[in-house]
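Step one of this worksheet: look at the structure below.
Since every read-out is calculated from the coordinates, none of them should be taken as a lab result. Quick caveat, the model's predicted, so the values are computed rather than measured. Cβ placement follows ideal geometry from the backbone for every residue including glycine, while neighbour counts extend to all protein chains displayed.
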Ligand SMILES: Cc1cc2nc3c(=O)[nH]c(=O)nc-3n(C[C@H](O)[C@H](O)[C@H](O)COP(=O)(O)O)c2cc1C
């Protein structure tokens, strides 16, 4: 598949088939994340690939259990959006694979490291798409960082949970979600 095909065909998938995913495919996807560019080549990521269904489900449950009304209010008032954490947690619970992406805990580099992590996640998403797998990039783990970190037994304080990536065979074919027009988001200087 050409890269542009994966870019055009990719959708966020929120309904996965229960089929197990071959570990070799996940290794291939992780390798594509590893090859992403990073600011100062810091490669500020650590991937925790969870293939154990009971643990993936537990993480979804933790997201539900730690969900607070104040978070909904914050998202609604400040971010002017609806909090999706409950819906995301339900997706996590049925995902065959969950990759937790940890970021080096260094305030001096947080912008560059955060951007670099975005690049590595996008690489993994596009490779998954090319392999016929669906993905959901997840920020909603943000409200339960400590609890999730504890649940997987992660002890290295030099890394903090940045986001997660759910992977599985897609059980839906969403249409493309709306995008802004190129002319509305681009300023040409010629
Ligand atoms: C950094 C990032 C975090 C996201 N976090 C979530 C999330 O926690 N839950 C969720 O349902 N979708 C999440 N999404 C998916 C977006 O909602 C989705 O990309 C957007 O609505 C466009 O739809 P599409 O991916 O199908 O094109 C996230 C996407 C990005 C890029």
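Observations
- Rounded, prolate or oblate (a/c below 1.5 giving rounded, otherwise prolate when a/b exceeds b/c) for segment 104-190 by Cα gyration tensor: oblate
- For segment 35-136: rounded, prolate or oblate by the Cα gyration tensor [a/c cutoff 1.5]: oblate
- For segment 1-49, the alpha carbon convex hull comes to 137 Å³ per residue, rounded to a whole number.
- Spin-label model, residue 39 to residue 81: label points 7 Å out along the Cα-to-beta-carbon direction sit 2.1 nm apart.
- Neighbour-count ranking [beta-carbon atoms within 10 angstrom, fewest first] of 121, 142, 78: 78, 142, 121
- Percentage relative contact order, segment 65-137, counting C-alpha pairs under 8 Å, at least six apart: 14 percent
- Length-normalised contact order of segment 3-185 in % [C-alpha pairs under 8 Å, at least 6 apart]: 37 percent
- Surface/4 estimate of mean projected area, convex hull on alpha-carbon atoms of the chain, nm²: 12.9 nm²
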